[in-house]
Amino acid sequence: MSFELAIVEATPANALLQASATARMLVVGNHSLRPLERFFIGSVSHAVIVGLRSPVLVVPAESLV
């Protein structure tokens, strides 16, 4: 596995879409502070899922603890 660190000027969703355009898979975290929000994915995760053709894995923040 390899990775690259980059600082870009873009919205989070656009930065992820541009950076992962040639990726085989993208993994993004999702954090929800309110109980009702846990049933929905965030706007960045949604934009990436809709805009990217490769697989996207959304990992809930609770599972990272």
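The values are calculated or read from the model by the stated rules, or taken from the named source; none is laboratory data. Here the structure is a predicted model, which means the values were calculated and not measured. Positions of Cβ are generated from backbone atoms using ideal geometry, with glycine treated the same way; all protein chains shown enter the neighbour counts. Please note that ligands, DNA and RNA were not included when accessible areas were found on the heavy atoms of the full protein model with its side chains. Shrake-Rupley method; radii C 1.70, N 1.55, O 1.52, S 1.80 Å.
Overview of values
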| item | result |
| --- | --- |
| Residue within the range 33-53 that is assigned to a loop (DSSP other than H, G, I, E, B), modelled with pLDDT of 85 or more, surrounded by 10 or more Cβ atoms within 10 Å (Cβ to Cβ) and within 12 Å of the chain's Cα centre (by Cα) present | no |
| Every residue from the range 17-32 that is assigned to a strand (DSSP E or B), open to solvent by less than 50 Å² (accessible area, probe 1.4 Å) and at pLDDT 85 or above | 26 |
